[in-house]
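Working notes, beginning with the structure itself.
What follows is calculated from the coordinates using simple rules that are stated; it is not laboratory data. Just so we're clear, the structure is a prediction, and the values are computed from it rather than from any experiment. For neighbour counting, all protein chains shown are included, and Cβ atoms are generated from backbone atoms with ideal geometry for every residue, glycine included.
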Amino acid sequence: MPRNPLVVVSNRLPFRVVRGDDGRTKRIRSPGGLVSALTPVLTTRGGVWVGWPGTAHEAGKRGAAARTHRHQGFRIAEVALSAHDIASYYSGFSNRTVWPLLHYFVGRMEVDPAWWPVYDSVNRRFAEKAAEAAPRRALVWVHDYQLLRVPHHLRACAPHLASALFLHVPFPAAEVFRILPWSRDILHGMLSADYLGFHVESYVQNFLASAQLLLGCDVDPARGVVRYDGRDVHVGAHPISIDVAEAEALAGGVSSAWRTTTDAPIEIIAVDRLDYTKGIVRRLAAVEQVLERQPATARRLRFTQVLVPSRERVPDYSQLKREIDEAVGRVNGRLSMDGWSPIRYLARPVPREDLFAMYRQANVALVTPLRDGMNLVAKEYVASQLDDDGVLILSEMAGAAEELQEALVVNPFNRDAVAGAIQRAVTMPAQERRARMSALRARVRAHDVHAWVTEFIDAATLAVKQARSRVSPALDDVISRVGPWLAQRPQIALLLDYDGTVTPIVDRPDAARLSESARLALDAASRTPGIDVAIVSGRGLDDLRQRVGLSHVTYVGNHGFEIEGPAVRFRHEAADHVSTAMNAAADALRELRIKGALVEPKGPTLAFHYRGVPERDREAAVHRARAVLRRKRLRAVQGKLVIEGRPLVDWHKGHAVLWLLGHRYGTDWPTRVRALFVGDDTTDEDVFRSLRGIGRSICVAPFVPSQNAPSDYRLPDPQSVIALVRWLSAGGFRPAPP
Ligand code: GDG
């Protein structure tokens, strides 16, 4: 496999910056397998780690906060976040909206519309930082639920870069995921990557089902492929693991858990980050039940709960901390005797050496999250049992349960089942313990975090190679999806915008000429039996007719205020009343003398083009133009770097298209006609919406639009639109005659 440079993008950098007693800042390496697995890969391949250093940057100190510097042989590119960004993007949308939903805690999901734009724009900044820092031919590997829109923004600002995304948390069932009001935007964001990885196969299948249900994508569940925007996006299961060598070294310094005497104390351990997904309160209730109902066992038990503080800024978490404190206090208060307390509660971070010593010495590990992407504690406990002894009780709601099937697998919501598993673990014969633990340990050792990194990068690299070698994938995609639909009716109404759809966008509107090959393609289509062609534009009717110059085509000009073509002639009544006001408005706009602006009177409408106005003056120019239109009682409509002045009536391209279809084919036209519209401008979105469900539409855009576009498909440029027109005239979608 070629070894391209790697760019890792994650919310947090691989270290924390802290201020020492002497007032100087220093970096402390973040704990965890991910950092230790990725660091050597970045060091040998070369590359960059893009992330947030973990502290809010103060306004005015941007230079210091947003630096790029070196760390252990690779570069670090910091993304600076303000206190407002952190509140909305991180504590808000990431941790109060997405996190609970992905963990099936629908009732805890909070929806604040102000958070989403900040999440999206912070994601854009991560993408821009990655694009800026990425070496040529790099693979950009994005991590986790805080950054699901990064692949989209990356494709928009650096389409040459290959990207992959790994989700560290579960991907829920489609019916749960769709509850998120931005579910489609998130899917668009994720599918912009070349490769997607989840921990286990069930998350892969849930994701495929969501892409099918919510975006209408074709999916191949057996191969793990989503057909999206003309590309095959491959999706795979990659169960994350731990640094086994490190775990074994740390656990090696202490002696075995099981003692020879039968009445030795039995240690049970649980280790969690403070989170409601970890099921700590329910677990304590199961422990309490054992202590109460199994007095013989109870006297020998000691249960240790390690709890690492987390997300203290989120209110749910401080409330949960109080609940756990109270539950521990209650059990210890009720059941302690002779100076012995059943629960040892360590609500603080424990040094890694001590943690692994505790794993080694624990007879049983109780890992009972209510939902967990994988759960590394389960694997760390297994790796620490150097003499293949010890019992793992594992929740079936953790991704780890799909792999670690030799554990005692329980439903964490079932208190009797958890209490029963504790009782069974405590009394399990040594033979059974060894049989189970040696199988578990062999599995964890065979697939450590280094293997995980290598396999993920290899799978992503292969997917990138396959996806990027295809020619004009977007056109292939549209053809394969629209063809069968067109073939269901005898007649096609092909409706095309002009500027940016059949001609490329140019600086001055009068320079937008139809190429000879495009004219020939449109002419052939308009003469093909069973196909009617209409050009639907904001341009004046005469201008449009002159530019296209084809006699079999219908022209819808002035945003639908004028229509003319074979057997049709229409002029909206408002068009006649408004011409005086329109001329006066055009004069007033010219009198503004805005440098670079162009005023184009078109009869019933006018256009104020400001593409030529320097960027810094555009906002003021638009403001002044809108004020003129308001004074003249005209409607101002925003287009691409143009403000349109229109009569103050509710009429637009969408209405005109529906009028034309009804006029030409009768009101029940959808039963006989397939209406296909292609457009690129914001004013074309009116047609996308009008045709939704009764026709289909294609948006011309180099990338998938950042928000949910109301069109059904996308083509990247006018050349592919013309190629589609040629394909239609050739009749490729009609079934071959018998
Ligand atoms: C997310 C997903 C997925 C805990 N207490 C201490 C301490 N820890 C370490 C553990 C373990 C890590 O924290 C926790 O990892 P988990 O996997 O259990 O859970 P999340 O933090 O929720 O992680 C999860 C993971 O991402 C990876 O993809 O498995 O499902 O939710 O490594 O050892 N470390 C130290 N002291 C402690 O007191 N030093």
Listed by first then second residue, the pairs whose first member lies in the range 656-672 and is over 15 Å from residue 563 (Cβ atoms), whose partner is of a type in the set (Val, Ile, Thr), with beta carbons under 8 Å and at least 6 positions apart or on separate chains, are 670/694
For the list (1) within 13 Å of the ligand (Cβ to nearest atom); (2) surrounded by fewer than 16 Cβ atoms within 10 Å (Cβ to Cβ), I need the number of the one condition that residue 455 fails. (1)
Which of the helices (runs of 4 or more DSSP H) contained wholly in the range 231-342 include at least 2 residues that are more than 30 Å from residue 453 (Cβ to Cβ) and either within 16 Å of the ligand (Cβ to nearest atom) or among the hydroxyl-bearing types (Ser, Thr, Tyr) (or both)? 280-293, 315-335
Are there any pairs, at least 6 apart or on different chains, whose C-beta atoms fall under 8 Å, with the first in the range 117-140 and surrounded by fewer than 19 Cβ atoms within 10 Å (Cβ to Cβ) and the second among the basic types (Lys, Arg), and if so, which? 124/149
Tell me which strands (runs of 3 or more DSSP E) are completely within the range 597-648 and hold 2 or more residues being under 21 Å from residue 544 (Cβ atoms) and under 39 Å from the mean Cα position of the chain (by Cα), or say none if there are none. 606-609, 635-639, 642-646
Residue, nearest to residue 535 (Cα to Cα), within the range 505-523, restricted to residues that are loosely packed, with under 14 Cβ neighbours inside 10 Å and in contact (Cβ under 8 Å) with a residue 12 or more places away in the chain: 513
Restricting the range 154-172 to residues that are out of contact with any strand residue (DSSP E or B) (no Cβ under 6 Å at 6 or more places or on another chain) and of a type outside the set (A, V, I, L, M), which is farthest from residue 103 (Cα to Cα)? 160
Consider the range 135-164. How many of its residues are more than 22 Å from residue 115 (Cα to Cα) and in contact with a Gly (Cβ under 8 Å, 6 or more places away or on another chain)? 3
In the range 393-408, residue farthest from the ligand (Cβ to nearest atom) [restricted to those that are over 13 Å from residue 418 (Cβ atoms), in contact with a strand residue (DSSP E or B) (Cβ under 7 Å, 6 or more places away or on another chain) and outside any loop (DSSP other than H, G, I, E, B)]: 401
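For residue 464, are the conditions met, namely being in contact with an Asp or Glu (Cβ under 7 Å, 6 or more places away or on another chain), over 30 Å from residue 246 (Cβ atoms) and in contact (Cβ under 8 Å) with a residue 12 or more places away in the chain?
Yes; evaluated as a whole, the condition is true for this residue.
Which one is farthest from residue 652 (Cα to Cα), of the residues in the range 470-512 that are among the hydrophobic types (A, V, I, L, M, F, W, C) and part of a loop (DSSP other than H, G, I, E, B)?
This residue is 471.
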For residue 377, state whether it is β-branched (Val, Ile, Thr), closer than 22 Å to residue 417 by Cβ, away from the ligand (no atom under 16 Å from the Cβ) and surrounded by 14 or more Cβ atoms within 10 Å (Cβ to Cβ). no
Note: among 367, 350, just one is among the hydrophobic types (A, V, I, L, M, F, W, C), within 13 Å of the ligand (Cβ to nearest atom) and surrounded by fewer than 22 Cβ atoms within 10 Å (Cβ to Cβ), namely 350
